[in-house]
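Trainee: Okay, here's the structure, questions in a sec.
Readers should treat all values here as calculations from the given coordinates under stated rules, not as data from a laboratory. Note that this is a predicted model, so its numbers are computed, not measured. Heads up, the Cβs are rebuilt from the backbone with ideal geometry, glycines too, and the neighbour counts pull from every protein chain shown.
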Amino acid sequence: MQKPGGIASLLNALIAVANLVIVFAVLGPALSYAPRDSIAATAALVKLNPAPLIALEVLKLLSAACGLVIVLAIRERMTARTAPNVRWAMLAGFAGTALLSLAGLVGVFAIAQAGRAGAADAVVSAYEELSAQVTYIGLFALLANGVWLLLTASAAIKRGGLPLRLAHFTFLFGALNVLGFLLPPLAIVVLLIGLVWNVTFGLFVLREGESA
């Protein structure tokens with residue numbers, strides 16, 4: 001599972017970049033064209049050009065799939081070293097990927113339901129109601145992911161399985177995930193640090209495989 005885990009980690013980094021591009025380069029300008037009428041702007045986006053919103057939800061599903069492969073790869077590494085708390089760490093990791101998948105599915109449903117509404121107010125109301133649920137699910141996915149990273153890093157620091165620097169970075173990233181759950185505005189910071197972590201872990205695993 002190590003090579004697939006490394007590839008999945010690098011793909012997850014690309015997914016993070018795609019998220020940033022859609023949010024800042026596509027959705028930002030689309031929502032800023034009518035700053036005095038945000039209802040009209042959001043309604044127009046949901047009804048006339050929902051593709052960027054749908055893309056974000058699809059990226060959640062793809063990220064969850066990559067995350068599952070990464071969880072399995074790390075489970076293989078830690079189980080081989082009989083590291084403590086591996087079972088609890090993996091349960092948290094699986095929960096995180098499941099919640100992220102659920103957030104993506106509910107997000108797609110939210111866009112579809114809002115698109116069927118008539119007046120602009122109804123479109124925005126339908127979209128925002130379900131989007132709030134997506135946000136809450138996403139936050140709990142962040143929390144579960146943070147617990148997984150913290151437990152994994154703690155085990156790696158004590159028993160090995162990851163280079164010490166990467167284990168400490170993983171612990172820091174896990175703590176940031178938990179902090180992002182408590183302070184949602186930090187989500188963008190979590191995304192950026194996650195991009196770096198995924199590249200670091202992916203390259204480490206792939207290079208390790210080449211030298212083995």
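Trainee: So how far apart, in nm, are the two label points at ALA112 and ILE188 if each is 7 Å from Cα heading toward Cβ?
Mentor: 3.1
Trainee: In nm, to one decimal, how far is the ARG87 label point from the LYS158 one, both placed 7 Å along Cα→Cβ?
Mentor: Once both label points are built, they end up 1.5 nm from each other.
Trainee: Same structure, new question: Among 173-183, 62-72, how do they line up by average Cβ neighbours within 10 Å per residue, starting with the highest?
Mentor: Numbers: 173-183: 18.4, 62-72: 21.4.
Descending packing order for the listed peptides: 62-72, 173-183.
Trainee: Between TYR136 and VAL199, with labels modelled 7 Å along Cα→Cβ, what's the label distance in nm to one decimal, could you check?
Mentor: Each label point is offset 7 Å from its Cα along the Cβ direction, giving 3.6 nm.
Trainee: Summing Lys, Arg as +1 and Asp, Glu as -1, what charge do residues with Cβ under 12 Å from the Cβ of ILE22 carry, ILE22 excluded? All intermediate terms of the calculation are to be shown ahead of the outcome.
Mentor: Details: positive: LYS60; negative: GLU57.
Net charge in that neighbourhood comes out at 0.
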